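The values are calculated or read from the model by the stated rules, or taken from the named source; none is laboratory data. On a predicted model such as this, the values are computed, not experimentally measured, just so you know. All Cβ positions, even for glycine, are placed from backbone atoms using ideal geometry, and neighbour counts span all protein chains on display. These area figures cover heavy atoms from the full protein model, side chains too; ligands, DNA and RNA do not enter into them. Shrake-Rupley method; radii C 1.70, N 1.55, O 1.52, S 1.80 Å.
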Amino acid sequence: MENQQEEQHQLNIELNEEIAEGQYANLAIITHSNAEFVVDFVNVMPGLPKAKVKSRIILTPQHAKRFMKAMLDNIKKYESVHGPIQDQEQVSVPLNFGGPTAQA
């Protein structure tokens, strides 16, 4: 009976080859409304005045908060093995997409 309950709570997640390759991003632009958070992942290349959004993720406020907690937990685990992640000075990117102020 206990094994049946465990099987009912498992989630099978599929990952196709294209998505598994991933996208590199060195900037995240976060905007929000009262209903959702939008996270745009961007690859900014030095010396180039233009950059493209590589991926956009749209989250409910509740899922955004869960994501934040999961990231904090993973950073804590990473730093316990590899040491503190050095924060670099703030990068000022003059971007305005018409929404609330973005943070990276």
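Taking all protein chains in place and a 1.4 Å probe, what share, in percent, of the accessible surface of segment 23-82 do carbon and sulfur account for?
Numbers: 2900 of 4850 Å².
The nonpolar share, carbon plus sulfur, comes to 60 percent.
With only Lys, Arg, Asp and Glu charged, each at its Cβ (+1 for the first two, -1 for the last two), find how big the charge dipole of segment 27-74 is about the Cα centre; round to the nearest 20 debye.
Details: 7 positive and 3 negative charges, 21 e Å.
Dipole of segment 27-74, to the nearest 20 debye: 100 debye.
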Surface/4 estimate of mean projected area, convex hull on alpha-carbon atoms of segment 23-82, nm²: 5.3 nm²
